[in-house]
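Working notes for the structure below.
The values are calculated or read from the model by the stated rules, or taken from the named source; none is laboratory data. All of these numbers come straight from a predicted model, not from anything done at the bench. Cβ: placed from backbone, ideal geometry, glycine included. Neighbour counts: every protein chain shown. Each accessible area value is taken on the protein alone, full model and side chains, heavy atoms only, with ligands, DNA and RNA left out. Shrake-Rupley method; radii C 1.70, N 1.55, O 1.52, S 1.80 Å.
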Amino acid sequence: MKSAILFQNQPVFQLKDDSNQVLVSPDHGARILRWSREDREIITWPADADWNKILKVRGGNPILFPFIARHFVDGQNELWRDAQGTVRPMPQHGFARDAKFTVIDDETENTLRMRLVDSEKTRPFYPFAFQFDVVVSLQPGSRLEIRFETTNTGDKELPYDAGHHFYLALPHQERAGWTLHLPCASWGRQAPDGAIIHEEAVSDRLCLDDPALVDRFQIQPRDFKVTLLNAKKQRRLVFELKPSDSIPWYAITTWTQAADSDFYCVEPWLGLPNAIHHGEGLRKLASGKTEIAACVLDGSGW
């Protein structure tokens, strides 16, 4: 069932079935705010969220577009240089996180389609014509699909890389019991000048209490199913990274804010930070073309 409701005095959409409730705010970056299954949070949202400072709220699933994370020009953050040499501003994680998306009619059961298009607000940051749809679908079996459908509506190539920032409800006291099963080609971090530092991926089994996991990119996943597991509690969340019509995800980034934060972020990204300059994972979409990046979160074991 899809319906419009008030949540924390804000208008949101609710997708709901017998076991699951998903809350989404088109007005705040097409952000999934909360996903709960049988009254247990999977994607978490704080009770004291400051909606006037939405970029500071640690919760939900902020949508990262058109570029991910930090971009640098001559050592300065939040800048990028286009193909003609013009230096432009770009907020960290792009401008979609707090943009107002338009809800598009979609009769599909328990599906919400939201759209952002280029405008006078976006062009100073990103001088391209685009249509960016975020489609959230609650599927049978406690499966949540999120699709990015990116269309180049202009006459020149569209460079972009988009991503997710899932805030998962993991109490910090339980962190040592959770592992992420994630074979990949390499690990990486971003240097202060924006470059990517690669290192060997020495393990497929990552423990969430390992400080080295924070702010690390797991690059080019080798398995299209990534499992977050607590064996003792017999709980799991499975990320399905490549439904049949999806382009591949380039990296899975892991992050939390502090040792006592009651969330952990597992973030599928299409590219790496500063990709517009070094090219790792950067998408280049031809005029008139559309491509889909989809992932499914299987919460049936949560």
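Annotations
- Sum of -39500 (n - 2.57) over DSSP H runs of 4+, divided by residues of the chain (222 nm, nearest 500): 0 deg cm²/dmol
- Accessible area per residue in Å² at 1.4 Å probe, computed on the chain: 44
- Inter-centroid distance (Cα atoms) of the stretch 163-199 relative to the stretch 210-269, Å: 7
- Solvent-accessible area, 1.4 Å probe, carbon plus sulfur percent, for the stretch 175-296: 49
- Using only side-chain charges placed at the Cβ, +1 for Lys and Arg and -1 for Asp and Glu, the dipole size of the chain relative to its Cα centre rounds to 100 debye.
- Sites Arg143 and Arg123 - FRET efficiency at Förster radius 35 Å, r taken between beta-carbons, to 0.05: 0.40
- When Glu174, Glu157, Glu120 are compared by accessible area of protein heavy atoms, the largest-first order is Glu120, Glu157, Glu174, using a 1.4 Å probe.
- Surface accessible to a 1.4 Å probe, His172 within the full protein complex, Å²: 60
- Shape of the stretch 60-110 from the C-alpha gyration tensor: prolate (a/c of 1.5 or more and a/b above b/c, with a ≥ b ≥ c the square roots of its eigenvalues).
- Put a dot 7 Å past the Cα of Gln10, heading toward its Cβ, do the same for Thr111, and the two dots end up 2.6 nm apart.
- Anisotropy class of the chain from Cα gyration tensor, a/c 1.5 cut: oblate
- Other residues within the sphere of radius under 14 Å centred on the Cβ of Ser142, judged by their own Cβ, net out at -2 (K and R +1, D and E -1).
- Other residues whose C-beta falls under 13 angstrom from the C-beta of Ile5 contribute a net charge of +3, scoring Lys and Arg +1 and Asp and Glu -1.
- Surface listing: Thr153, Thr111 arranged by accessible area from highest to lowest gives Thr153, Thr111, probe 1.4 Å.
- Set Lys156/Lys242; Lys100/Lys156; Lys156/Lys289; Lys121/Lys156; Lys242/Lys284 screened for pairs whose C-alpha atoms are more than 22 Å apart: Lys156/Lys242; Lys100/Lys156
- Heavy-atom accessible area ranking, 1.4 Å probe, most first, across Asp223, Asp260, Asp74: Asp74, Asp260, Asp223
- Taking all protein chains together and rolling a 1.4 Å probe, Ile104 ends up with roughly 40 Å² accessible.
- Taking a Cβ cut-off of under 11 Å around Asn152, the surrounding Lys, Arg, Asp and Glu residues balance to a net charge of 0, with basic ones at +1 and acidic ones at -1.
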